[in-house]
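Structure record follows, encoded as structure tokens.
Values quoted throughout were computed directly from the atomic coordinates according to the rules given, and no laboratory measurement underlies them. Computed from a predicted structure; not experimentally measured. Positions of Cβ are generated from backbone atoms using ideal geometry, with glycine treated the same way; all protein chains shown enter the neighbour counts.
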Amino acid sequence: MATFRLFDLNDAQQRAVRSTEGPLLILAGAGTGKTRVITARVAYLITQGADPSHILAVTFTNKAATEMRERLARILDADAASKVTMSTFHALCLRILRANIDRLGYKNNFSIYDEGDQLGLIRKIITRTSARDERLDPNLAKNLISKAKNNSWKPPENEDTLLGAVFARYQSELKNLNAVDFDDLLALAVRLLNEHPDVRDRWRDRFRYLMVDEFQDTNKLQLELVTLLADERRNVAVVGDDDQSIYGWRGAEVSNILEFEHHFPNPTIVTLEQNYRSTNAILGTASALIGNNPRRRAKKLWSASEGGEKVRLIEAPNDREEAQFVTEEIQRKNFADGDAWENFAVLFRMNAQSRLLEENLRRLNIPYRIVGGKSFFDRREIKDLLAYMNLLVNPEDDASLLRIINTPARGLSAPMVARALEWSVQHKCSLWRALGDREFLAEVSARTASSIRAFVEMVGDYETKLAEPLSNPAALVTKLIGEIGYAAELRRNCKTAEEAALRESNVGDILRDLSLFLGRSTKGLRGFLDEVALDQEREDEEEEEIKSGVTLITMHAAKGLEFKHVYLIGLEEGLLPHERSKAEGSIDEERRLLYVGITRAMRTLTLSYCRNRTKYGSVASCAPSSFIKELAPELLDQIDLEKMLSAPVGEASAKSRFAQMRAALAG
DNA sequence: AATCGTCTGCTTTTT
DNA sequence: GCAGACGATT
């Protein structure tokens, strides 16, 4: 039975929770207890008699889904909580597709292509398709194709532009490879539900209460999916904040939330405005800024807690001094006030800005963590291993096959692979089929042919064993990487023994993860690969340990997080708002980005900009961001760093001397 | 097949 | 000013 208490919520939150039938729009300003409301509402639905298995809550990230699942488990009994579906859009679509994608002419064991695989395939198609004087940037093509899919545009029938031709071929080739990309997960699920009423009705029957988190970030396809599932019951509760829409460049449509009434007429609308995170100085600054945006749903954040320090605006001579000031002040505050490093975060527009901060933090021996950057799963050895696993599940998966066909080297040279690929295109079959075809083998030398046969036989062997009912995939994969001598391959390819050992232990980590997965799931190797494809967040052991420390993070990645002390650096025209966004006319989104950054702060907020900044290797002078004059002047404390440091006596110089002393002690 | 050098072109990145 | 990609070299 639910143990949550409705009266712990404020009035608006209660209204949101109690509104159980029909469309509901919850406008949840930053820090207004959104996750709490969603979980409370799920619990309330169940106390009102809803079957937990009829409830679906969709989020964007696995992290959010997990957090919600955990919170729900705390206020509901474990059995009921486990029956509620909490899923990302992509995982939900994957589930829908794994059950019935055969209706669209794919096989149910399809592979999921990540952006690397996607890019590889597009590169290949471009070189094969383009005339000599034509050029198309593969990355640009990938982005345009993604945009097209998210808008449900079909590949053009007439291939009269290179891009159109590449798009059409990319799509048909993916299908031949029995693979789908991230966009396809959404697009094909929508198509499946649209074209097959029986499938649609099954899912509609399954999910009778829908909740969507971060609704401002949904794109066209995601809205369509929600609409398709909602049916005439229209039990759709969406939660979001138009002011925090910062993913327009990835296809998110703010209009989904701005025009919610258009998509779901006569909704209940609840606005959450009481903020439990920040001081009124911070909230006032945020409100003043965001008030400059034209198209938005009015809301006024307020906090019950009084006072709070003014927001500081620092003018630094250059980016070096800016970084030095921020890091030394963090050190000083940590020492003077005993604030743990975890309470501090430095937010910026571009990842490149983290470098100077890193250098300074390292110099001062301050622990830090950089959020974002290269993923564990981008590592060579992990991609290789996953490619082998993918191949065992779906041998027609050319991208995986190409990745490992000669890794470790087994006499299957690049020219031979190119010929095989050509042959496979001519015969409209997969690379795997080509390698197993007598006709093709007759075209290559006897030695090459025997190498190919050995490889095909080995993979086929494992594939057969894997398909046996009582097979142990983890043991099989372990045996496979032993048989191919992958450890030796790593040692051969790494400069140092330590690097090889690290990579080897990464391989071990994945194999251990696989065993753990198989222990808790019945979905086998295929299920493991699905989970990995859709959750790239996980970190390895070492990184896990450095979870503590000062956080360096982009404003985009900071959405949803909060920190006691926030430093927002580089508030310069051209950086924030970014030059490119200005050119594209998305200033409003840049303003929202700054708004998101500001509202991360709980107690203190420090903004800074530089008069000069090193850009692309040379120093350029810069103007303060045009957003600065939109902030509330009465809540702002303006400080010129140079003047402050040259002041003969007073607090500032005492602090600076103190910082030097600390630095000496730390060094 | 691997490595070296030159060229290019610079955001943000939930899945 | 640097990383990533690609072509020329051994």
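Under the 0.36 nm per residue contour assumption, what length would be gained going from the current alpha-carbon distance of A:Arg363 and A:Ala340 to full extension?
Taking A:Arg363 through A:Ala340 to full extension adds about 6.4 nm, to one decimal.
Just need log10 I(q)/I(0) for the range A:251-303 at q = 0.15, 0.23 Å⁻¹, Debye formula, equal scatterers on the alpha-carbon atoms, no solvent, rounded to two decimals.
-0.56, -0.98
Using only the alpha-carbon atoms of the range A:196-296, report the extent along each of the three principal axes, biggest first, to the nearest angstrom.
55, 28, 22 Å, listed from the longest principal axis down.
Answer rounded, prolate or oblate for the range A:1-127, using the Cα gyration tensor with square roots of eigenvalues a ≥ b ≥ c: rounded when a/c is under 1.5, else prolate when a/b is larger than b/c, else oblate.
Since a/c reaches 1.5 and a/b is larger than b/c, the shape of the range A:1-127 is classed as prolate.
Is there a quick way to get the dipole size of chain A? I mean about its Cα centre, with the Cβ of Lys and Arg at +1 and of Asp and Glu at -1; what is the value in debye to the nearest 20?
It comes to approximately 60 debye.
So which aspartates and glutamates can A:Lys564 reach, going by Cα to Cα under 15 Å and dropping same-chain residues fewer than 8 places off?
Straight-distance partners of A:Lys564: A:Glu309, A:Glu329, A:Asp337, A:Asp339, A:Glu342.
Just for chain A, what percent of DSSP beta bridges are antiparallel, to the closest 5?
10
In Å, the Kirkwood hydrodynamic radius of chain A over pairs of distinct alpha carbons?
For chain A, inverting the mean 1/r across all distinct Cα pairs yields 27.9 Å.
Starting from the Cα of A:Lys615, draw a straight line to each of the lysines and keep only those under 22 Å, dropping any in the same chain fewer than 8 residues away.
Straight-line reach from A:Lys615, under 22 Å: A:Lys582.
Taking a ≥ b ≥ c as the square roots of the Cα gyration tensor eigenvalues, with a/c under 1.5 meaning rounded and otherwise prolate when a/b beats b/c, else oblate, which class fits the range A:322-404?
Judged from the Cα gyration tensor, the range A:322-404 comes out prolate (a/c at least 1.5, a/b above b/c).
Roughly how many whole Å is it from the C-alpha centroid of the range A:401-433 to that of the range A:182-261?
Their Cα centres are 40 Å away from one another.
For the range A:1-112, with the dipole built from +1 on Lys and Arg beta-carbon atoms and -1 on Asp and Glu ones, taken about the Cα centre, which of A:Leu104, A:Thr32, A:Gln13 lies farthest toward the positive end?
A:Leu104
Taking just the C-alpha trace of the range A:275-326, give me its Rg and Dmax in Å.
Taking only Cα atoms of the range A:275-326, I get Rg and Dmax of 14.8, 39 Å.
Treating only the Cβ of Lys, Arg, Asp and Glu as charged (+1, +1, -1, -1), what charge dipole size does the range A:178-253 show about its Cα centre? Round to the nearest 20 debye.
With only Lys, Arg, Asp and Glu charged at Cβ, the dipole is about 380 debye.
How large is the helix-only mean residue ellipticity at 222 nm for chain A, computed as the sum of -39500 (n - 2.57) over DSSP H runs with n ≥ 4, divided by its residue count, in deg cm²/dmol to the nearest 500?
One gets -16000 deg cm²/dmol as the mean residue ellipticity at 222 nm.
Hey, what's the Cα Rg ratio for the range A:1-43 versus the globular rule of thumb, 2.2 N^0.38 Å?
1.10
Taking the Cβ-Cβ separation of A:Tyr276 and A:Asp77 as r and a Förster radius of 41 Å, what is the calculated FRET efficiency to the nearest 0.05?
For R0 = 41 Å, the calculated efficiency reads 0.90.
Can you grab the distance from the C-alpha centre of the range A:607-634 to the C-alpha centre of the range A:101-129, Å, no decimals?
44
What order do you get for A:197-203, A:464-470, A:602-608, A:138-144 when each peptide is scored by the mean count of other beta carbon atoms within 10 Å, highest first?
So the order, starting with the most tightly packed, is A:602-608, A:138-144, A:197-203, A:464-470.
Label points 7 Å out from Cα along the Cβ direction at A:Lys615 and A:Gln48: separation in nm?
5.3
Subtract the Cα-Cα distance of A:Glu261 and A:Gln638 from 0.36 nm times their separation in residues, and report this length gain in nm to one decimal.
131.4 nm
Taking the Cα centre of the range A:84-201 as the origin, how large is its charge dipole in debye, to the nearest 20, when only Lys and Arg (+1) and Asp and Glu (-1) carry charge on their Cβ atoms?
140
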